[in-house]
1. Roughly what would the spin-label model give for E82 and A37, points 7 Å off Cα along C-beta, in nm?
2. In whole percent, and with a 1.4 Å probe on the protein chains, what portion of the accessible area of the range 23-121 is carbon and sulfur?
3. Based on the alpha-carbon gyration tensor of the range 109-158 and its eigenvalue square roots a ≥ b ≥ c, which shape applies: rounded if a/c is under 1.5, prolate if not and a/b is larger than b/c, or oblate?
4. From largest accessible area down, sort E61, E82; use a 1.4 Å probe on the protein chains.
5. State, to one decimal in nm, how far the label point of E173 lies from the label point of K120, with both points 7 Å from Cα in the Cβ direction.
6. Just list whichever of K60/K143; K28/K158; K127/K180; K131/K177; K6/K85 have alpha carbons separated by over 31 Å in the model shown.
7. Take the alpha carbon atoms of the range 113-184, find their center, do the same for the range 37-99, and report the distance between the two centers in whole angstrom.
8. Putting +1 on Lys and Arg Cβ atoms and -1 on Asp and Glu Cβ atoms, find which of S10, G49, Q144 reaches farthest to the positive end of the dipole of the chain.
Amino acid sequence: MSRIGKLPISIPAKVSVEISPENVVTVKGPLGELRQAVDPAISVKIEDGQIYVSRPNDEKEMRSKHGLYRALIFNMVKGVSEGFKTEQEFVGVGYKAELNGQILEMSLGYSHIIMFEFPKEIKAEVKSEKKGNTTLIMSCIDKQLLGLVAAKIRSFRKPEPYKGKGIKFVGEELRRKAGKSAKV
């Protein structure tokens, strides 16, 4: 049995879950609505205020899908009730970001400004302090979309291992390398 897949998902008070005959799970909550199509072989049931995900057999593919769909449904329930948030830090001299509506303008040491348009589901906020790093705070109910956007923004300037300059997640530990040592 999948360790993740066999765990039941408890449904919070303000969240409603519906399962259509086509095996599409719809979760509605105070922050919004999400839907996810589930493989027809995986069965999803609601009993006593909890969601149970089960599989028909122990084949490798079914075991992996069992845990996957349980995790996706859990993230949907958590997203519509609490939401997800991620913070990224722009580390480096002259590295900064500005938000104009849903468009993020980033200055990352290139000869040009990089513009990135957020999807309408994501709410973004930029905080910049004097003599400090600029911080980008993003929130969304869809964990997959939030992770995808955060990874895309980070890909514009990944942190380098010598000085740590680049876009990193707040609290992320970077593996640093020693610089070039002088000959004696």
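1. 3.0
2. Taking all protein chains in place, the range 23-121 shows 50 percent carbon and sulfur surface.
3. It comes out oblate by the Cα gyration axes.
4. Heavy-atom accessible area, descending, gives E82, E61.
5. Each label point is offset 7 Å from its Cα along the Cβ direction, giving 4.2 nm.
6. Over 31 Å Cα-Cα: K28/K158; K127/K180.
7. 23
8. Q144
The values are calculated or read from the model by the stated rules, or taken from the named source; none is laboratory data. The shown structure was predicted, so the numbers you read here are calculated from the model rather than taken from an experiment. No Cβ is skipped: glycine too gets one built from the backbone with ideal geometry, and neighbour counts run over all protein chains shown. In case anyone asks, the SASA skips ligands and DNA or RNA and just uses the protein heavy atoms, side chains included. Shrake-Rupley method; radii C 1.70, N 1.55, O 1.52, S 1.80 Å.
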